[in-house]
Amino acid sequence: MKILVVFIDMIRPNRLSLFNSNVKSDTQLDLSLKKFGGTYYTNCFTQGPDTPRGIGVFTTGSVPHKNGCSTRLKWPRYFLNKELRTVYDLFIERDYKMTFFSNPNERETGIFPENIANLEIHNHNYDLDKYLSDIKLEENHFVFISIPDFHWSFDDHGYSTYGEKQAYKDVKKTYDVIFKNFNKDEFDHIFIFSDHGFKFTHESIREREAKYLQLNEDRTNILMIHRKKGEENIKYDDRMCSIADVYPTLQDILAEKISDGISFLSKNEREYVIVEDHFDFSPSVNQNIEIWAVIRKNIIYIRTLENGYVLDRNNRGIEISINKENDDVLKKNSSFSKYIEEYEQVFKYREFIFKQTSFLHGGPREKKSKLIKYLYILKDSIFEGFLK
């Protein structure tokens, strides 16, 4: 069995004409993917919309709050739960030949688990063309190629439509190098996927008072394509699925009992996909999760600690409402239960502390306005400065 996995960082399907009929012009990536064939999954989502968590889920088939890569800075090499069996272990245990290509800097950052990063199966420079031209595919061979070019090109040119256009040009060049060296029908199965989407800078500015919208489809919906040998036409599949389902699909392909999740080869689908994320993306130790989502076929329920938002996926309407059913789903299947319990206790305490009552000597409390408090502080500052 020959299997190829191509990971393209940060592709956002609703910006591709293949996935969104409102996109009238083909991007450079559309032009290549239109010729590829296979099944294109239109309702596939990530449980963690950044590379450390997205790849952590791909690697284990397990969600972020269980696999160790629970925040956006926890990479698999350093934080993955070592007790979990990884997607790469499926092939190691079967003595598959394994060939990996990735940017060496990305590898050092931690995209692969420690045991995989230390194997002599990786490239040592940036020459993808030369590396692939030297590969001789064996009967049982697993090839993994990581392409960060779209993300990096976007970073270089800025998160504008101009930057997006340049990024598609760069990623297409790399994609074309792969299939210049490989005939797609050399492989029994090929997977092409992204780990998360993105937001344009103008979208972030326009929606600055609606930060919860960072968990709509723009960042959570991902590219997912599965091609079997000989499939020349494109077939669309709108089943709810996630990046975690690559793991059970590979178990299915390898005739192994599925440990968890749903194989793409089955006719089953997920009822929902749960996403966890941050509001603050700046690097820090002990980052907190601050926003959650339950993504269903018809709605996206987004939950902060303060409120809930129901996004209609068809008419784009938004209702501000806390939904007990979806809250229960989050409590049972994510870190939400831990955070909401602490939040409720903390703010119950604040409610009592700031509640207007009498002093114990019987006199009334008189709360000054913020302006009056500020004037007293200003007076102190001026007086202290005068004394110096």
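The values are calculated or read from the model by the stated rules, or taken from the named source; none is laboratory data. In this text the structure is predicted, and so the values were computed from the model without any measurement. Cβ atoms come from the backbone with ideal geometry, glycine included; neighbour counts cover every protein chain shown. What goes into the accessible areas is simple: the full protein's heavy atoms, side chains included, and nothing from ligands, DNA or RNA. Shrake-Rupley method; radii C 1.70, N 1.55, O 1.52, S 1.80 Å.
Excluding ILE55 itself, what net charge comes from residues whose Cβ is under 12 Å from its Cβ, given Lys and Arg +1 and Asp and Glu -1?
Summing Lys and Arg as +1 and Asp and Glu as -1 gives +1.
Using Cα pairs under 8 angstrom and six or more residues apart, how large is the relative contact order of the chain, in percent?
Computed over the chain, the figure is 21 percent.
Please work out the Cα convex hull volume for the stretch 83-186 and give it in Å³ per residue.
Roughly 128 Å³ of hull volume per residue.
Counting only DSSP beta bridges with both residues in the chain, what percent are antiparallel, rounded to the nearest 5?
Roughly 55 percent of the DSSP beta bridges within the chain come out antiparallel.
Output the 0 to 90 degree angle, nearest 10, between the alpha-carbon long axis of helix 161-181 and the longest principal axis computed from the alpha carbons of the chain.
Helix 161-181 sits roughly 30 degrees off the main axis of the chain.
Any idea what % of Cα-Cα pairs in the stretch 1-121 are farther than 25 Å?
When all Cα pairs of the stretch 1-121 are counted, 35 percent exceed 25 Å.
In the full protein assembly as shown, how much of SER282 is accessible to a 1.4 Å probe, in Å² to the nearest 10?
Taking all protein chains as shown, SER282 has close to 60 Å².
Report relative contact order for the stretch 191-302 in percent, whole number only (criteria: Cα-Cα under 8 Å, sequence separation at least 6).
About 22 percent, as a whole number.
Rounded to the nearest 10 Å², what accessible area does LEU84 have for a 1.4 Å probe in the complete protein model?
50
With a cut-off of at most 16 other beta carbons within 10 Å, and DSSP calling the residue loop, which chymotrypsin sites (Phe, Trp or Tyr not before Pro) in the stretch 183-282 qualify? Please list them.
Sparse-neighbourhood loop chymotrypsin sites (Phe, Trp or Tyr not before Pro): PHE279, PHE281.
Among the GluC sites (Glu not before Pro) within the stretch 94-199, which fall in a DSSP loop and have no more than 14 other Cβ atoms within 10 Å of their own Cβ?
Passing sites in the stretch 94-199 are GLU120, GLU138, GLU139.
Against the longest alpha carbon principal axis of the chain, how many degrees, from 0 to 90 and to the nearest 10, is the axis of helix 370-387 turned?
Once rounded, the angle reads 80 degrees.
In percent, what relative contact order does the stretch 45-91 have, based on Cα pairs under 8 Å that are 6 or more apart in sequence?
34
Checking a compactness column here: for the stretch 24-92, what do you get for Rg(Cα) / (2.2 N^0.38 Å), N being the number of residues?
Working it through for the stretch 24-92, the quotient is 1.41.
Carbon and sulfur atoms: what percent of the 1.4 Å accessible area of the stretch 290-382 do they account for?
Ligands and nucleic acids excluded, carbon and sulfur reach 55 percent.
With a 1.4 Å probe and every protein chain left in place, tell me how much accessible area PHE19 has, in Å² to the nearest 10.
The accessible area of PHE19 comes to roughly 40 Å².
Sorted by accessible area (1.4 Å probe), largest first, how do PHE79, PHE144 line up?
Ranked from most to least accessible, the order is PHE79, PHE144.
How far, in degrees from 0 to 90, does helix 336-353 lean away from the longest principal axis of the Cα atoms of the chain, to the nearest 10?
The two axes meet at around 10 degrees.
If you count only protein heavy atoms with a 1.4 Å probe, what accessible area per residue comes out for the chain, rounded to a whole Å²?
51
What does the charge count around GLU114 come to, taking other residues whose C-beta lies under 10 Å from its C-beta (Lys +1, Arg +1, Asp -1, Glu -1)?
+2
Rounded to the nearest Å, what's the spacing between the alpha carbon centres of the stretch 111-189 and the stretch 57-106? Just the number, please.
18
Arrange the residues ASP312, ASP9 by how much accessible surface each exposes, largest first, with a 1.4 angstrom probe.
ASP312, ASP9
Cα extents of the chain along the three principal axes, largest first, in whole Å?
The principal-axis extents, from largest down, are 87, 50, 45 Å.
Calculated FRET efficiency, SER25 and HIS361, Cβ-Cβ r, R0 56 Å, to nearest 0.05?
My answer for the efficiency is 0.15.
In the stretch 195-267, carbon and sulfur make up what percent of the accessible area (probe 1.4 Å)?
The nonpolar share, carbon plus sulfur, comes to 48 percent.
Just in the stretch 202-268: which GluC sites (Glu not before Pro) are loop by DSSP and have at most 11 other Cβ atoms within 10 Å?
GLU209, GLU232
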